[in-house]
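For reference, the structure is listed below as structure tokens.
The values are calculated or read from the model by the stated rules, or taken from the named source; none is laboratory data. Note that the structure is a prediction, hence the values are computed from the model and not measured. In this analysis, Cβ positions are derived from the backbone assuming ideal geometry, glycine residues included, and neighbour counts consider all displayed protein chains. Keep in mind that these areas ignore ligands, DNA and RNA; they rest on the heavy atoms of the full protein, side chains included. Shrake-Rupley method; radii C 1.70, N 1.55, O 1.52, S 1.80 Å.
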Amino acid sequence: QGIIELHGASQFNDDHAFTKSLAKFGELASSCYGKPLNIILHKNSELGLEKQYFEYMSQGRAVDFAIVSPAHMSTFSKAAPFIDAPFLFRDLAHWNKVLDQDLLKPIADEIAARADVMLIGYAGGGTRNIFVNKPVANMDDLKGLKVRVQGAPIWSRTFAAAGMSPTVIAYNEVYNAIQNGVIGAGENEAAGVEQMKFFEVAPNLAMTEHAITIRPIAFSGKTFKKLPADLQQCVIKAGKEAGAHGRQIESSEDTAKLEALEKAGRLKRIAFKDRDKMKKLVDPVMAEYAKEIGAEDILKKINEIK
Amino acid sequence: MTGAVLSPNGAALVLFGIFFGMMALRVPVAFALGLACLPILLIEPRLSAVTLVQETFNAYNSFILLAVPFFLLTANLMNVGGITDRLMKLSRSMVGHFPGGLAQINVVLSFFFAGISGSSTADAASQSKIFIEAQRKEGYDDSFSVAITAVSAVLAVIIPPSILMIVWGGVLTVSIGALFLAGIIPGLLIALAQMVTVHAYAKARGYPTYPRATWGALLSSIAISLPALMTPLIIIGGKLFGWFTATESACIAVLYAGFLSLLVYREMDMRGLKDALIDTGKFTGVALFCVGTASAFGWLLAYYQIPRAILTGVSAWELGPIGTGFFIAFVFLVVGCFLDAIPAIIIVGTILEPLARSTGLDPVHFAMIGIVSLAFGLVTPPYGLCLMIACSVAKVRMRSVLRDTIIMLIPMLLVLALLIVWPPVALFIPSLVSPEFLK
Amino acid sequence: MTEAVTGARNAWRRVTRCYSAFLSWVLMIAVAILVIPVALQIFSRFTTLIPHYIWTEELARFLLVWTVMIGAMIGVRESSHFEVDVWPVLSGRPEAAIRLVSRFGVLVIALVFVWSGVEFTRFAWYRTSELAELPLWMIHIAWPIAGFTWLIFLGEQMWDELNVLLGRSSLPPSDPASHIEGAIQ
Ligand code: NA
Ligand code: NA
């Protein structure tokens, strides 16, 4: 039998936090395993997009590990987008506590059962804000704003509840759509704003902090079963550590990126005054959603964390 | 989970070897691409034949490709709804009195058509039916008629709107609005080059001329065509003012062509509508099916990281921006001889993009070089869709029209060369209308 | 050829003709309604009269998938998938032979689409689409159906060509639709 080879995939280049986290995963797994192990990381969307990576991992083909936004797991499990739902976390500290206590485990279990893909670590940590082509500072400014949201119903429902007019547009059409005024805004973390140059068309960043991302490091269940036991343990261990590493990179890079963009005069951060008001409008929608997918307990536990 | 069975070189050999072999055996190109992927998918333990199915699904499940059926439907509605007839009368009163009048009309009609539809194959199919028989009756040589109909059809993807620009903009994230604007001057220049070519042919061979239309006749045909001539303004304007996205603009073109056909010119009947819909569906099927298997092919190239290897080789030559421009045009012209334009953008455009970026070529300029070269690929043998369509309507073999096609391509290639060495040909209008579109 | 064989052949011909006419109808409807979700998407941005559905983009994509697959199915029957023109004009047996070879290539892909398409459909069995929450197998099943349809059409064509090769009949046109049905009924 030849040397074991594991393929990872990332939509982004070497500078992106996700690529760095996956590279870290490779290093950690190799050094833990100690025996020869080939890790091949396909970058720059070479093998497609995150949604497809997840399908490949589910089939046990081509891609063995990748970071995938929970929204892209929703065709397998309706509960998946909950991991990353807007208005779930109060701030970074809250978010860190939820992850430390592994409160999302029931959802990860459901995904593993339905898609045969394991969530072995949690990267992410970007705070999502609304980039918009006009200054927006309060709920009145947000009213009727045409904003592009991710393709999961919970996003349009919560944004509609907050009085905005959410639209679903393909991610690679967002820049063009704002430039042409088809929409007025989008929402993303700093890394996305920088990568897609959204600040060129929407230079105002309304600091709504409506979501803090969780980007699971996913590993194919079918591949995992074929690995020797000692490597399996290393994969689990490396996944957890690489996730923590990725969170640390992104949450610290997040503010730095925004500061750099602002300093270069490309972006203006605008304090958002009505975050509490917005959360109040959205809370019932979130509660209803949690009920629909059977995640009421989890939501309750998350909200109870001080 | 073990390593790859094939080396990148071995995989490249299998992929290209089987692809060309199958094409030589007259297997349809779409299927030849799928067959080329198959042995690799079966040999490699990490892949399987399901990968072929999955990749074709991923390719079709795309909002951007919707532009293809929409532009085909627009063209079909134009033909059955009387829009084409009006534009034909207008072209005749404008250029009918030039030497080789009917052939000049052929070029000018393609120019107008190009402003409404974004599909060259639709132009070739409809105008072959209109012009080839008519030119035959007026004493034009068959090979000339087929060649001019085919080469004028390529205007449809160079002049906005254009399927190729929408796909390019979507695949390589370039502003589609900028591409639309960038296509105007190259399109005008190529149409002019074709008119000059027709003039030279007509003088040499004594092709007939129509009497000059009176000013009154010209004005009245302009008035009648005016609603149809508004289409490009609606599409480009709507795109620039933010009424709709690029793909949506193709849908607007359908709605407007349908509106003109049903309510303004009132020439469309139910049968015409039915035919237009079915023709559109059939052609969408064969044109886009190929895109799916080509995507699988391209995906396998990426899986073995073959593009990366090729690119490192070329980067070592250290061509300047102009040299790179010519290299890119050359690659697309060669690829265009064997592959359809959309799969070529997906496979080759993504390979060349880093090269273009590294030499400082403006993304819009790079896109226009690629799109114009690929548009020419629509009339280059052995796989030139527009030429194939015109030949099949005229019932002649492709080899019998090659000489005239190549002669007509020469002035068009000169325009391409001008576009490469003098970027303002592409960039002037975008920089004028919306400089923020250029990086 | 015996009468029974000819009779079976004619029955097959009738079946494929009806089937392809049916496919054409479905295709026509698919193209016609393709415009609706995209038009809704555009106009809902300008007026509050049209509700703002989030599933328009997804529905349009799924319709496109089916349009492509049905168009590709009919394309095999009408031999309209593009091929490269490198051979001299042939007729009779040599033409039948080369047609058989090229159809064999299509046949292999048809078998793959049936075989892998079933697995692909099963892969979508319990999944629903993101926005419209449609069962995904309704889209994935287009693949095994396409493969199966091609087998039916190819069987007819290859049978005819095999008979030419064996010297039992003369070559039918490569595109039955243009000769038998006229354009569209
Ligand atoms: Na023409
Ligand atoms: Na055009």
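Ranked by the mean number of other Cβ atoms within 10 Å per residue, highest first, peptides B:66-72, C:159-165, B:202-208, B:326-332 order as B:66-72, B:326-332, C:159-165, B:202-208. Plainly put, the stretch A:198-301 has a radius of gyration that is 1.11 times its Kirkwood radius, both from alpha-carbon atoms, as the Rg/Rh ratio. In the calculated pair distance distribution of the stretch A:74-173, what percentage of Cα-Cα distances lie above 18 Å? That tail contains 57 percent of the Cα-Cα pairs. The H on the amide N of A:Gly125, modeled in the peptide plane, is under 5 Å from the matching H of A:Thr213, A:Ile214, A:Arg215, each at least 5 residues off or on a different chain. As a calculated quantity, the FRET efficiency between B:Ala24 and A:Lys97 at R0 = 60 Å, using C-beta atoms, amounts to about 0.40. For the stretch C:1-75 and the stretch C:98-126, compute the distance between their C-alpha centroids and round to whole Å. Their Cα centres are 20 Å away from one another. Per residue, the Cα convex hull of the stretch B:155-238 amounts to 120 Å³. The phi-based Karplus calculation (6.51 cos²θ - 1.76 cosθ + 1.60; θ = phi - 60°) puts the 3J(HN,Hα) values of the stretch B:394-409 at 6, 6, 10, 6, 5, 5, 6, 10, 4, 4, 5, 4, 5, 4, 5, 6 Hz, whole numbers, x for Gly and Pro.
Cross-link partners of A:Lys78 among lysines, defined as those whose alpha carbon lies under 18 angstrom from its own and excluding same-chain residues fewer than eight positions apart: A:Lys51, A:Lys105, A:Lys291. Derived value for the stretch B:312-388: Kirkwood hydrodynamic radius 12.4 Å. Basis is the mean of 1/r over every pair of different alpha-carbon atoms. Between the stretch B:387-420 and the stretch B:306-378, what is the separation of their alpha carbon centroids in Å? For the stretch B:387-420 versus the stretch B:306-378, the Cα centre distance is 21 Å.
Beyond 40 Å, the tail of the calculated P(r) for the stretch B:8-437 holds 15 percent of the Cα pairs. Computed from the C-beta positions of A:Lys222 and A:Ser252, the FRET efficiency with R₀ = 41 Å rounds to 0.70. Annotation for A:Lys300 and C:Thr47: the two label points, set 7 Å from Cα along the Cα-Cβ direction, are 4.8 nm apart. Compute log10 of I(q)/I(0) for chain A with the Debye formula, placing one identical point scatterer on every Cα and leaving out solvent, at q = 0.16 Å⁻¹, to two decimals. Per q value, in the given order, log10 I(q)/I(0) is -1.35. Evaluating kT/(6 pi eta Rh) at 10 °C and 1.306 mPa s, with the Kirkwood radius of the stretch A:1-140 over Cα pairs in the Stokes-Einstein relation, gives 94 µm² s⁻¹.
With the gyration tensor restricted to C-alpha atoms of the protein assembly as shown, the semi-axes of the equivalent ellipsoid amount to 47, 34, 26 Å, longest first.
What net charge is computed for the residues neighbouring A:Phe224, neighbours being all others with C-beta under 15 Å from the C-beta of A:Phe224, Lys and Arg scored +1, Asp and Glu -1?
Once all neighbours under 15 Å are counted, the net charge is +2.
Angle of helix B:424-433 to the longest C-alpha principal axis of chain B, folded into 0 to 90 degrees and rounded to 10: 80°. Kirkwood radius for the stretch B:101-260, taken over all pairs of different Cα atoms as the inverse mean of 1/r, rounds to 16.7 Å.
Just to confirm a number: summing +1 for Lys and Arg and -1 for Asp and Glu over residues other than B:Ala4 whose beta-carbon lies under 11 angstrom from that of B:Ala4, what do you get? So the environment of B:Ala4 carries a net charge of -1. Note that the stretch A:195-206 has calculated 3J(HN,Hα) couplings of 4, 8, 6, 4, 4, 5, 9, 9, x, 9, 10, 6 Hz, one per residue in order, obtained from phi through the Karplus relation 6.51 cos²θ - 1.76 cosθ + 1.60 (θ = phi - 60°); glycine and proline are x. Note that the stretch C:60-129 carries a Kirkwood radius of 14.8 Å, evaluated over its alpha carbons pair by pair. Note that the stretch B:360-366 has calculated 3J(HN,Hα) couplings of x, 6, 4, x, 5, 5, 4 Hz, one per residue in order, obtained from phi through the Karplus relation 6.51 cos²θ - 1.76 cosθ + 1.60 (θ = phi - 60°); glycine and proline are x. Averaged per residue, chain B has 33 square angstrom of accessible surface, using a 1.4 angstrom probe with ligands and nucleic acids left out. Of the chymotrypsin sites (Phe, Trp or Tyr not before Pro) found in the stretch B:100-164, not one falls in a DSSP loop while having at most 16 other beta-carbon atoms within 10 Å. What FRET efficiency comes out for the pair B:Val5/B:Leu311, r = Cβ-Cβ distance, R0 = 22 Å, nearest 0.05? Working from the Cβ atoms, E equals 0.35.
Here is how the number arises for the protein assembly as shown: DSSP H runs of 4 or more residues each give -39500 (n - 2.57), the sum is divided by the residue count, and the result at 222 nm is -20500 deg cm²/dmol.
Comparing the stretch B:360-430 with the 2.2 N^0.38 Å rule of thumb, its C-alpha radius of gyration ratio is 1.32 (two decimals).
In this rough spin-label picture, where each label sits 7 Å from Cα along the Cβ direction, the A:Ser31-C:Trp25 distance is 6.8 nm.
Panel values: the stretch C:2-184, Kirkwood radius from alpha carbon pairs, Stokes-Einstein at 37 °C and 0.692 mPa s, translational diffusion coefficient 174 µm²/s. Would you mind checking the pairs A:Lys257/A:Lys279; A:Lys97/A:Lys197; B:Lys137/B:Lys395 and listing those with alpha carbons more than 21 angstrom apart? Listed pairs above 21 Å: A:Lys257/A:Lys279; A:Lys97/A:Lys197.
In the stretch B:241-354, the ratio of gyration radius to Kirkwood radius, Rg to Rh, stands at 1.15 when only Cα atoms are counted.
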